[in-house]
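Just so it is clear, none of the values below were taken in a lab; they were calculated from the coordinates. Please read these numbers as outputs of a predicted model, since none were measured by experiment. Cβ sites come from the backbone with ideal geometry, for glycine too, and all protein chains shown count toward neighbours.
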Amino acid sequence: MNATAVASVLAPDAWLYRGRPQPEPADSGPGAVPRAALFDRDGTLTEDDPPYNGDPANVRLRPTAREAVDVLRARGIAVGVVSNQSGVGRGLLTRSQVEAVAGRIEELLGRFDVWVFCPHVPDDGCTCRKPAPGMVLAAAGALGVAPSDVAVIGDIGADLGAAAAAGATGILVPTTVTRPEEVAAAGTVAPDLLTAVSALLSPRKAAGQVVR
């Protein structure tokens, strides 16, 4: 992956890897499927075990991650990752370790169109750490799509908060760490990533439901 300059919505020490811009699809407009899907990393695409993982050998995919990403790519929808990596700010990880883990994920799932990482701790007050919208806005800008044409899939309320703050669609895929109040507040909840993607590919009027 080659690093590129971050958008102005990110703090100067956040970093982004740019993919290909997305062409305007034939089915764009109200009610169309998203042009890009952005995944949280730890707890969504991969197991969050161990926490602050910096070892590619420890990467394990969450259930249906491969199928979900394959379905999106087959529809010509860009796929990306927006990930809080406070382990860097806490001194537990290096940027190189975060990049190595990303490389292993791409070995397992194929190349993503954009990656955005925030290295800050909560008290830094940055504009990129979820639930702030910076990473979602930066990813949308890198792909050349409007935030309203982006979906964010994550496992905690901060992921959906970032989506809402950016004007994107959010879908929650809960895990054992997801708090009940986060599930209750989510507009759309799915039991796994493939079901979440299937919901995205349905008419948007179906959003706001618990998808089984």
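Of the options Val98, Asn53, Ala146, report the single residue whose Cα projects farthest towards the positive end of the charge dipole of the range 27-158 (beta-carbon charges: Lys, Arg +1; Asp, Glu -1). After comparing all options, I get Ala146. Scaled against the 2.2 N^0.38 Å expected of a compact globular protein of N residues, the Cα radius of gyration of the range 17-169 reads 0.99.
Considering the zone a paramagnetic label at Arg95 would reach in this model (a point 7 Å from Cα along the Cα-to-Cβ line), which residues of the range 118-143 have amide N under 15 Å from it? Once the point is set 7 Å along Cα→Cβ of Arg95, 118-120 turn out to lie under 15 Å by backbone N, inside the range 118-143.
Nearest 0.05, what FRET efficiency do Ser202 and Glu181 give at R0 = 22 Å with Cβ-Cβ as r?
The formula returns an efficiency of 0.25 here.
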